[in-house]
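What follows is calculated from the coordinates using simple rules that are stated; it is not laboratory data. Quantities reported herein were computed from a predicted structural model and do not represent experimental measurements. Neighbour counts are summed over all protein chains in view; Cβ atoms, including those assigned to glycine, are modelled from backbone coordinates with ideal geometry.
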Amino acid sequence: MIERYTLPEMGSLWSEQSKFQKWLDVELAVCEVHTEMGTIPAEALQQIVSRARFSVDRILEIEKTTNHDVIAFTTNLAESIGEASRFVHYGLTSSDVVDTANALLLRDACDLLIKKIGNLRNVLQQRAIEFKETPQVGRTHGIHAEPTSFGLNFALWFEEMGRNLRRLVQARETMAVGKISGAVGAFAHLDPVVEERVCSRLGLQPARVSTQIIQRDRYAEYLTTLAIVASTLEKIALTVRHWQRTEVREAQERFSRGQKGSSAMPHKRNPIISERICGLARVVRANAIVGLENVALWHERDISHSSAERVVLPDSSIGLDYMLHKTISLIEGLVVYPERMLENLSATRGLIFSGQLLLALTKAGVSREQAYEWVQRNSTKVWDEGSEFQEVVNADPDITEKLSGEEIARVFSLSYYLRNVDAIYQRVFPGKTSIS
């Protein structure tokens, strides 16, 4: 991922220094287990542990000759360790190291993302409760439908991010698996106990069965989970973009002092953060396809997955980390205009109450088909002539014969539509429906 969208902690995790350190962690854990089992002399382990050093620049220099990064890494270790280096990488194949180290990297990446999802849910809950009683027109097909609560938008996202949290926790468990089983996964040169003990030291589960590699359905699960989370963030950002449209203007991104919206039009305040989130979601989703295509490999292993994973694993992790960070900031700083929401509720001159009028008429004994015809007839007048719906209804003898003036007035009550919002909040935020 380019530096522009890379935050320090996640970026550091996916650095070359961090990757090679994880490789070293795996190599040392294997050496320690070999020593416990009597394969490596204790004095050799002491020399390995005390002297093992690597240099990213030196590894890259060696790789120019070897054209093999793991061999370049072990060669560099040998330069610092000395004679005891003959025991490093003993009985291993490259993927034993790379895939087990990847499990450590992806587990740590999940931990960072899980923390940020928790932070986002906290912000969503706060804003949901803040705007629980703020009426807003609901829209279906982009057309004004019925009144709703502005806070329900945030409650909906809070709940969805809860599902995403569970998905990511599951993906973390799926990824936290190592293998130390050799070139085709058959433990030709190692006892399976070595794998079990190494994985235990590293906080991983051993793969029950593998080829030369950890199977890539695990990686696909991780990448598709990140894609789902990214899609939720895009949904949030897309809604903010709608709210910020000039014709809507119910909410907008915080516009900081000194910020510029357009090089040509000084009045512009563009939803640039929301658009950036939407754009990066496309990258994370596209990377998930790579993960799916990497599941099928030739026989015990080919290397077609490797080059792609060097791109998609860090880029998706770093990209989603950045998207979560920006979404938290977006929701925290969202500027809301309740007065504009009231204006928009009135924009259709009362047509948003047509559903309630339909039900009132059917309750009064009118067939649904007849009631629908009467309501639609009056709605058409409002659409075509620009009159007020309640006035037109009060002038319709068919309707007034069935409904009193008081009953018609209740039809046009905004609070009626929001009467069950508390019940929804009790489902989503049990015991907490007000700001403490």
Highest-MSF residue in the chain out of W157, W374, W14 [GNM, Cα springs under 10 Å]
W374
Using a Gaussian network for the chain with springs between C-alpha atoms less than 10 Å apart, which of these wobbles most: D57, D96, D108?
D57
Taking the Cα centre of each part, how many Å lie between the range 210-279 and the range 401-418?
41 Å
Based on the Kirkwood radius over alpha-carbon pairs, what is the Stokes-Einstein translational diffusion coefficient of the range 351-411 at 10 °C with 1.306 mPa s viscosity, in µm²/s?
141 µm²/s
Would you mind getting me the FRET efficiency between S55 and R254? Use the beta-carbon distance for r and R0 = 30 Å, nearest 0.05.
0.10
If I take every Cα pair under 8 Å that is 6 or more residues apart in the range 13-90, average their sequence separation and divide by the length, what percent do I get for the relative contact order?
34 percent
Using a ≥ b ≥ c from the Cα gyration tensor of the range 165-229 (square roots of the eigenvalues), is it rounded, prolate or oblate, where a/c under 1.5 gives rounded and otherwise the larger of a/b and b/c decides, a/b for prolate?
oblate
With the contact rule set at Cα under 8 Å and sequence spacing of 6 or more, what percent relative contact order holds for the range 286-416?
20 percent
When the charge dipole of the chain is computed with +1 on Lys and Arg Cβ and -1 on Asp and Glu Cβ about the Cα centre, the Cα farthest towards its positive end, among N294, G138, S262, belongs to S262
With label points built 7 Å along Cα→Cβ from the Cα atoms of Q376 and E275, find their separation and express it in nm.
4.1 nm
Over the chain, the sum of -39500 (n - 2.57) across DSSP H runs of at least four, divided by residue number and rounded to 500 deg cm²/dmol, gives at 222 nm -21000 deg cm²/dmol
Alpha-carbon centroid distance for the pair the range 1-63 / the range 167-182, whole angstrom:
20 Å
Relative contact order (%) - criterion: Cα under 8 Å, at least six apart; region: the chain:
17 percent
Separation of alpha-carbon centers, the range 300-321 and the range 335-390, rounded to whole Å:
54 Å
Enumerate the helices in the chain for which the Kyte-Doolittle hydropathy averages 0.0 or more and the C-alpha atoms extend at least 20 Å along the helix's axis, using complete DSSP H runs.
94-130, 217-244, 272-293, 304-332
Fewest Cβ neighbours within 10 Å first, please rank R208, R368, R172, R201 accordingly.
R208, R368, R201, R172
